[in-house]
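Heads up: the structure comes next, in structure tokens.
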Amino acid sequence: MVRAYADGHQRGADIDIRKDFPGIQECYVDTLTAGPDGTTLIAATLNFGNDNIQQPILTYDSLGKLLRSWDPAPQYVEAIAYSKEDDALFVLGARNLPTGPYAPNYPLLIEYSRDGRALKAMVPAGALKDGGDSFHQNGEHGQPALRITKNQIYFYAPTNREAVIIDRNGVVLAYRSLSDIVEKMGMDEGYHLAQVHAVDFTDDGDVVLELLLGNDIDYSLDVFRINIKSGEAVPAHKSFNGGGELWFVGIKDGQYVYIEKGQRLVIQSAEAQEPLPLASNLIR
């Protein structure tokens, strides 16, 4: 079951993918994004058994009705983001292609119309250190992230903790591996990196990461904002031993958004020292 929220209120009806695909044995939501007119765009993995695995992109309306399903193959889907300016869906991921002289240069980012027509291909795989193998995700490196703005596009490839800024034509404007920066976080206070949690970008291109830092006694859940061009890292929030189970979930309208104990949304402006609850909040 998929349930989305916006500004503390449920956004549309619950989405039950299983009901739309008879015979499905397993269903995984890989990534999703809000679309226009209350729609939700979902990249899913559907297992029908007998090695029949499909990975479509699904569009649901605000009533939870399936409107459209299309297959982005041979592209794998690591992250998606809808652009209102383009009325298009951007899909970040490697490709399942035979090896050959051009394999390292296939595009990692494709702009699609909402019905699945490829409109533009950007960012050759060779722009990243490990090419198409740059999206392996785990606790120590985090998950892929993608943000589309009016003039620029930002994405995070976790294998080497690479953050990239490109223009709307796919030209790389800034690139930085964050590994050295992230590994040093908390070392002055005796902490070491345990996990990279949520990753997002501000509208001006800074990358924001929530890091779980630990030592032999306790742990700290810290949010840092890193300028990709300069490498400067600025702490945004720190909480020891969970700090009331406050988890960073992303950036919205220039503010840090957290969820506390899975029950209420909390926001923090760039200038504030501590997050504050939203006036309206979700309760589960």
Please find, within segment 47-85, the residue that is least open to solvent (accessible area, probe 1.4 Å) out of those that are among the charged types (D, E, K, R) and without any contact (Cβ under 8 Å) to a residue 40 or more places away in the chain. Lys65
Could you tell me whether Thr45 is of a type in the set (Ser, Thr, Tyr), under 23 Å from Phe155 (Cα atoms) and touching a Cys at 6+ places or on another chain (Cβ under 8 Å)? yes
Which of the residues that make up segment 144-197 are open to solvent by less than 40 Å² (accessible area, probe 1.4 Å) and among the β-branched types (Val, Ile, Thr)? Ile148, Thr149, Ile153, Thr159, Val164, Ile165, Ile166, Ile181, Val182, Val196
If you take the residues in segment 1-46 that are open to solvent by 30 Å² or more (accessible area, probe 1.4 Å) and of a type in the set (S, T, N, Q), which one is farthest from the chain's Cα centre (by Cα)? Gln25
Any idea which residue in segment 111-143 is surrounded by the most Cβ atoms within 10 Å (Cβ to Cβ), counting only those that are touching a Gly at 6+ places or on another chain (Cβ under 8 Å) and not in a strand (DSSP E or B)? Phe135
Neighbours by Cβ (under 8 Å, 6+ apart or cross-chain): first from segment 192-216, more than 28 Å from Leu173 (Cβ to Cβ); second buried (at least 18 other Cβ atoms within 10 Å of the Cβ) and β-branched (Val, Ile, Thr): Leu212/Val196
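The values are calculated or read from the model by the stated rules, or taken from the named source; none is laboratory data. Every value quoted in this text rests on a predicted model; they were computed, and no experiment measured them. Because the Cβ atoms are built from the backbone with ideal geometry, glycine has one as well, and the counts that use them run over all protein chains shown. Accessible surface is based on the protein model in full, side chains and every heavy atom, while ligands, DNA and RNA are left aside. Shrake-Rupley method; radii C 1.70, N 1.55, O 1.52, S 1.80 Å.
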